Amino acid sequence: MKLSEFQKYLTKQNINLTFLTSPDPNITYFTQTKPSHAFLIIKPKEAEFLVTKLDAKPRIKNIATNYFTTGWEKKLSNNKIKTIGINKELLSVHYQEKLQKIYPKAKFVDVSNQLKLLRSQKTPEETKKIAKACKITSEAFNELINNFKCKTEQDVAFFLEKYMKDKGCEIAFPTIAATSKNGAIPHHVTSNQKLRKGFMVLDFGACYKNYNADMTRMVYLGKPSKEEKEFYNLLLNSQLAAIEEIKDKQKFMHLDKTARSKLGKYNKYFVHSLGHGIGVEVHEDPKFKEHIINQNHVFTIEPGIYFKNKFGMRIEDTLVFKGKTKILTTAPKELPLLRI
């Protein structure tokens with residue numbers, strides 16, 4: 001994934017090599033694998049992937065793969081290296097000290113922003129993988145609604161996760177199933193709480209070949225009141241209004257302001273960002289507070305409102321922008337009514 005682009009950047013900046021260590025997600029980005037522990041050394045003209053013997057040694061185009069063993073530091077030692085690129089946000093002090101000993105005359109340069117920039121605009125292959133993850137995520141929700149027999153939050157999460165795993169996916173993140181007042185906690189930890197009458201928040205996603213989906217849907221257990229239906233429609237209209245404003249070079253924060261304005265007096269109960277970029281990480285660039293929309297950005301739109309000790313709601317889709325907006329999470333957003 002854009003290895004040659006990054007190598008051109010190293011040449012231009014006179015950086016001798018970039019050293020990435022597990023669990024840096026950029027290793028997964030460049031190698032398209034998830035090693036248990038590894039180093040990735042990228043030079044302007046070559047790259048080497050060092051894995052332990054606990055992992056299979058993958059074949060990767062334009063990257064040499066080898067095992068590293070005890071004494072790897074001496075094998076890499078080089079006092080001619082003058083400049084090393086590091087991902088400062090994720091490199092531990094422990095490994096920074098090791099690198100200083102391995103390359104005693106080198107200075108460190110933070111390349112994290114360049115790595116984020118490369119990853120923020122997806123290739124067609126990346127978009128295809130995210131779209132597949134979103135398809136399976138949407139299918140899991142539809143299957144749940146059509147075969148609903150759950151009694152607890154954990155039952156719901158288990159059903160969704162089993163479906164996604166049966167389709168050859170990993171889980172992007174621990175599934176949130178939040179019934180009744182638990183839904184007022186945006187990052188509620190799914191428990192053995194028995195399902196109760198009212199709204200239930202379902203926030204989940206599949207991970208297909210290292211690429212993630214993120215979707216939130218609401219269901220109602222029982223029969224909603226007129227007021228509850230109005231709250232749901234208010235939130236849905238907020239999300240749809242933000243999606244309608246997506247266009248090239250638009251500020252992400254404009255979408256945020258649009259969503260909040262649609263919520264009117266209830267916007268004070270919207271306590272988080274409208275969305276985030278997504279790819280090999282569930283949360284990555286582009287950041288809504290800092291960036292504008294560009295071609296091949298993949299991101300979420302997820303307004304929510306939360307009433308403490310009462311209920312919460314969130315509606316979330318993963319989208320891709322390629323001149324036009326395409327919603328990749330296609331599960332219906334009409335509020336399903338389920339019996340418990």
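Here is how the numbers come out for the structure above:
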read-out: Filtered residues of segment 32-71 (kept if of a type in the set (G, A, S) and in a strand (DSSP E or B)); value: A38, A47, A64
read-out: Residues satisfying the stated conditions in segment 72-98, i.e. β-branched (V, I, T) and either more than 19 Å from P23 (Cα to Cα) or assigned to a helix (DSSP H, G or I) (or both); value: I81, T83, V93
read-out: Residue within segment 177-186 that is in contact with a Gly (Cβ under 7 Å, 6 or more places away or on another chain), of a type outside the set (A, V, I, L, M) and within 12 Å of C207 (Cα to Cα) present; value: no
read-out: L10 vs. criteria surrounded by 21 or more Cβ atoms within 10 Å (Cβ to Cβ), outside any helix (DSSP H, G or I) and either at negative phi or modelled with pLDDT of 95 or more (or both); value: no
read-out: Candidate set from segment 100-118 (those that are touching a residue at least 60 places away in the same chain (Cβ under 8 Å) and crowded, with 22+ Cβ neighbours inside 10 Å); member that is nearest to the chain's Cα centre (by Cα); value: L115
read-out: T69 hydroxyl-bearing (S, T, Y), at pLDDT 95 or above and farther than 23 Å from E125 by Cβ; value: no
read-out: Given (1) free of Cβ contacts under 8 Å to residues at least 60 places away in the same chain; (2) in the same structural domain as E316 (by TED's automatic domain parsing); (3) of a type in the set (V, I, T), index of the condition I130 fails; value: (1)
read-out: Qualifying residue in segment 158-175 (condition: buried (at least 21 other Cβ atoms within 10 Å of the Cβ), closer than 30 Å to P124 by Cα, polar (S, T, N, Q) and without any contact (Cβ under 8 Å) to a residue 60 or more places away in the chain); value: yes
read-out: Top-ranked residue of segment 294-340 - restricted to ones that are more than 17 Å from the chain's Cα centre (by Cα) and of a type in the set (V, I, T), ranked as farthest from I246 (Cα to Cα); value: I340
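Residue by residue, here is whether (1) among the polar types (S, T, N, Q); (2) in contact with a helix residue (DSSP H, G or I) (Cβ under 7 Å, 6 or more places away or on another chain) holds:
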{"residue": "E161", "(1), (2)": "no, no"}
{"residue": "T175", "(1), (2)": "yes, yes"}
{"residue": "H187", "(1), (2)": "no, no"}
{"residue": "R196", "(1), (2)": "no, yes"}
{"residue": "Y208", "(1), (2)": "no, yes"}
{"residue": "E230", "(1), (2)": "no, no"}
{"residue": "E244", "(1), (2)": "no, no"}
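The values are calculated or read from the model by the stated rules, or taken from the named source; none is laboratory data. Nothing here was measured: the structure is a model prediction, and the numbers come from that model. Glycine gets a Cβ as well: all are built from the backbone with ideal geometry, and neighbour counts include every protein chain shown.
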